[in-house]
Amino acid sequence: MYTEKLWQYLNNKANKEDAEPMKKYMRDQFEFFGIRSPILKQSMKDFLKEYGLPAKEQLPSIIEEAWSRPEREMQYATFTIVEKLKKQMTKEDIEWIEYTIINKSWWDTVDHIAKHIAGIYLMKFPDEIEPVTKRWVQSKNIWLMRSAILFQLGYKDKTDKELLAQIIKDTKYDQDFFIRKGIGWALREYAYTDADWVWEFVHKEELSPLSYKEAIKNIKKTKQPH
């Protein structure tokens, strides 16, 4: 099995000295091989050179198997595989995308998925944006909600600011730290593209202090609109 080969390959790179601090950084929620990011990146290049990419139709089962493994690097490793296969995405892929968001959820995987996987998927299938984001916001699952807030990170001038505004309005009263931080992050990122709009929005909407503080960071560093 492809996933078993991947596990064995990464297990051979394990570093117990690094595993413990990596585990503590993630609040002891996950086990780690102890493979730091630069080494994991190179390891995946070497693995793919040796074993090649799996067939696209294998991806859902590979992801599910990788998510069943306790070592966090197994989840990280699938991101490299998805990146290589992203041009072959189909509408049905939203099923495994949602699976990765709601299982073994924490900011380290969810934020990557929101921007680099869900964001690419929804840009490729724009007719899915409304039903998917609406479902995520209404789910009351904080990680799906955060993904709805963050999926346009990197869209820049392609950002649907009306949609962003509506999603924020629908989630801004949630008390969760990751929702409020996510709102601020999404606005802070969009401020690079349209600082005037963000400045006006944060002073028109009743945002939490955390969301507001995060949102205007870039505006303070550049030039606040008058």
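Listed values, structure above:
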{"item": "Binned Cα-Cα distances of the chain, short to long, each 5 Å bin given as a whole percent", "result": "1, 6, 14, 16, 17, 15, 12, 10, 6, 2, 1, 0, 0"}
{"item": "Set of lysines with alpha-carbon distance to LYS169 below 19 Å, sequence-local pairs under 8 removed", "result": "LYS134, LYS140, LYS161, LYS181, LYS204, LYS213"}
{"item": "Rule-of-thumb Rg ratio for the range 114-226 [Cα; 2.2 N^0.38 Å; N residues]", "result": "0.99"}
{"item": "Longest DSSP-loop-exposure-free segment, chymotrypsin sites (Phe, Trp or Tyr not before Pro), the chain, at most 15 other Cβ within 10 Å", "result": "1-105"}
{"item": "Relative contact order [Cα under 8 Å, 6+ residues apart], the chain, whole percent", "result": "12"}
{"item": "Candidate lysines for bridging to LYS16, where Cα separation is under 25 Å - those fewer than 8 sequence places away on the same chain excluded", "result": "LYS5, LYS24, LYS41, LYS45, LYS104"}
{"item": "Exposure proxy ranking, count of Cβ atoms within 10 Å, fewest first, for GLU83, GLU98", "result": "GLU83, GLU98"}
{"item": "The range 1-88, relative contact order [Cα under 8 Å, separation at least 6], %", "result": "31"}
{"item": "Mean separation of Cα contacts under 8 Å (6+ apart) over length of the range 118-226, as relative contact order %", "result": "23"}
{"item": "Isotropically averaged projected area of the range 172-213, using the convex hull of Cα atoms (one quarter of hull area), nm²", "result": "2.5"}
{"item": "Sequence-distant lysines (8 or more away, or on other chains) whose Cα lies within less than 16 Å of LYS87", "result": "LYS56, LYS115, LYS124"}
{"item": "Value of D in µm² per second that Stokes-Einstein yields for the range 1-88, Kirkwood Rh from Cα pairs, at 25 °C (0.890 mPa s)", "result": "185"}
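Only the coordinates and a few stated rules stand behind these numbers; no lab work does. Everything numeric here is computed off the predicted structure, so don't read it as measured data. Glycine gets a Cβ as well: all are built from the backbone with ideal geometry, and neighbour counts include every protein chain shown.
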